[in-house]
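This report refers to the structure that appears directly beneath it.
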Amino acid sequence: MRPFVLALTLFVAAGAAFAQAEPVALIGVHVVHVENGRIERSQTVILRDGRIQAIQPESQALAAGPLRRVDARGLYLTPGLWDMHTHAHRAGRERWHYPMYIANGVVGIRDAATHLGSGMAFRAKGPPAGPAPRVIWGSPALDRAPPALASGLAVETPEAGRQLVRLLAGLGYDFIKVYDGLSPENYQAIAEEAKRVGIPVEGHTPLTLSPTDVARAGQRTIEHLTLVLEACIPGALDWIKVDPSADSMGLMADGRLAASLDRFDAAACQAQSRVLAEAGVWQVPTLVQTRGYFVVAHDDPADEPRLAFVPPETRAEWLAHVRDGKTAERRNGAKVFERQSRLVGELHRAGVGILAGTDASDEAWVFPGSALHDELALLVDAGLSPLDALRTATLNPARYRARGRPLAPLIAPGSDADLVLLHENPLEDIQRVRDIRGVVAAGHWYSPEDLAAMVAGVRGSWPRD
Ligand SMILES: [Zn+2]
């Protein structure tokens, strides 16, 4: 059995543990089909054993038997949302993150790397009691020696890279995470071994390579647009390559990139987009993370009401990040962010697949759960339609998970009961994903009262300040 198949089996088993939920009928709801943008009005959607059992016109009588009836008339039902870039399992962070995900309609997450020990201990123990998203597990990041992240693993030789790929695949991770500092030789060894073992490679573009290099090597995602904008600026990859201290965030701040944006080469960029689209490499731009780092969305940051749902220590760090940030770095970063945002629209129009991800961890101004709504709004600002933005958190994650296998419609009999009930039609205005009137996660129905209690529980879980 290939290691990733084992991981997938664990994943299904975790879902099955929830199969005891009581059957539910969502009565009179407008079903949003993200596959084609069609809205099927006034339907009753019946959920049983973690799946959608039936969809029938509201006028049709319900079959006899115990069934919880939810009046959903006039509301809109979308597939549950996925946040495709988080770090939710460090230092007990899931106790904060999990309720905030579910309360905001995020029924699945991709953990884009955690500490080896704590990630494994968490998985051995199983999710905490209570609401939990489905999880795709990324390995600790493979990087240079010493690794840039405390959780990273150093790869000093190609053979070390191959050994680590086999080890991590055997531990059941869903993908191998690669990072900024890998040398071309070590990266190549990792990519080849992963292909041989049957586990995908996902992550940053190493700074000694280019996005088209990693696409051609079969990498499945590029996070944070690493080097995707840089590759459109003649010569930029050459000076990045020779700077051993470079990291992808520092590049945005240090001014060289901001100063060279006027040399952006549209033709070179289009050629790159064609390669990325052809290779099917997903972009996970995490615009909300970059914005949080360089651009604060408020005149007075302390006025952000969502801060109440951030642990006091983390809240203090975020406010200090704004207070102490260097003006020049922020100006440079904001300029690059603005260009990256437009690039996301260009990539999308060129047929490059986009996945919504936030980097929710303790990153400044990335609110677990609702940051995904921020990301969808930023994707619309970048040029996606509301439907296409919604797809980046629903249909595209499903396509990513299907790995080329045929995909059933997300809201259809037999599909997973992972759903969000919205007050108004999100295809008219993406901001409406924030107005949630109920969530179904792995077949469990959470009413607005349940969701309110969930977030109140988060707020009450740390000392008063
Ligand atoms: Zn990350």
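Quick notes
- Placing a label point 7 Å from the Cα of Ala259 along the Cα-to-Cβ direction, the residues of region 310-345 with a backbone N closer than 20 Å are 326-340.
- Separation of region 132-185 and region 289-327, taken as the distance between their Cα centroids, equals 30 angstrom.
- Mean projected area of the Cα convex hull of the chain, taken over all directions, amounts to 21.5 nm².
- Shape call, region 329-465: gyration tensor on alpha carbons, a/c limit 1.5: oblate
- Taking label positions 7 Å along the Cα-Cβ direction at both Asp381 and Ala297, the computed distance is 0.8 nm, reported to one decimal.
- For region 32-107, the spherically averaged projection of the C-alpha convex hull amounts to 7.1 nm².
- Those lysines that a straight Cα-Cα span of less than 30 Å connects to Lys335, excepting residues fewer than 8 apart in one chain: Lys177, Lys241, Lys326
- Local net charge near Ala191, Cβ-Cβ under 12 Å (Lys/Arg +1, Asp/Glu -1): 0
- Computed label-point distance, nm, for sites Ala452 and Asp324 using a 7 Å Cα→Cβ extension: 3.9 nm
- Relative contact order for the chain, counting Cα pairs under 8 Å that sit 6 or more residues apart, in percent: 20 percent
- Tail fraction, Cα-Cα pairs, region 226-403, threshold 23 Å, whole percent: 45 percent
- Accessible heavy-atom area order of Met84, Met454, highest first, probe of 1.4 Å: Met454, Met84
The values are calculated or read from the model by the stated rules, or taken from the named source; none is laboratory data. Keep in mind it's a predicted model, so treat the numbers as computed, not measured. Note: ideal-geometry Cβ built from the backbone for every residue, glycine included; neighbour counts use all protein chains shown. These area figures cover heavy atoms from the full protein model, side chains too; ligands, DNA and RNA do not enter into them. Shrake-Rupley method; radii C 1.70, N 1.55, O 1.52, S 1.80 Å.
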